[in-house]
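Trainee: Sending over a structure as structure tokens; questions will come in a sec.
Here, each number is a calculation from the coordinates, and none is a lab measurement. Note that the structure is predicted; figures quoted are calculated from it, not measured. Positions of Cβ are generated from backbone atoms using ideal geometry, with glycine treated the same way; all protein chains shown enter the neighbour counts.
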Amino acid sequence: MPARPTTAQPRVARPLTRKLSRLVALAPDETAILDDLQSDTRVIRRNREIITEGRKYDALLILIDGVSIRCRILHDAVARY
């Protein structure tokens, strides 16, 4: 009987995992943890807040692509960078 083709997709390293693996040797369990941290993704459109002061977050946010800056909006509505 001929071998059945597999339907499993090859694992593609996520961006952070790929970058860290260039710097240090990662154990399989470490790779799995890093991949799990990057499993949920969301797109943030430009000129939107990623983190809001005073809000509690229950997840780690990793910037995969793009640029972010930090600023604080003061009570007089002036942005300070």
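Trainee: Whole-Hz Karplus ³J(HN,Hα) for segment 22-32, in order, using 6.51 cos²θ - 1.76 cosθ + 1.60 and θ = phi - 60°, x for Gly and Pro?
Mentor: Working through the residues one at a time gives 6, 8, 9, 6, 9, 6, x, 5, 5, 4, 5 Hz.
Trainee: Cβ under 13 Å from Leu16's Cβ, Leu16 left aside: what net charge do those residues give with Lys, Arg +1 and Asp, Glu -1?
Mentor: Summing Lys and Arg as +1 and Asp and Glu as -1 gives 0.
Trainee: Also: Extension gain Leu61-Ala27, at 0.36 nm per residue separation less the Cα-Cα distance, in nm?
Mentor: Value of the extension gain: 10.0 nm.
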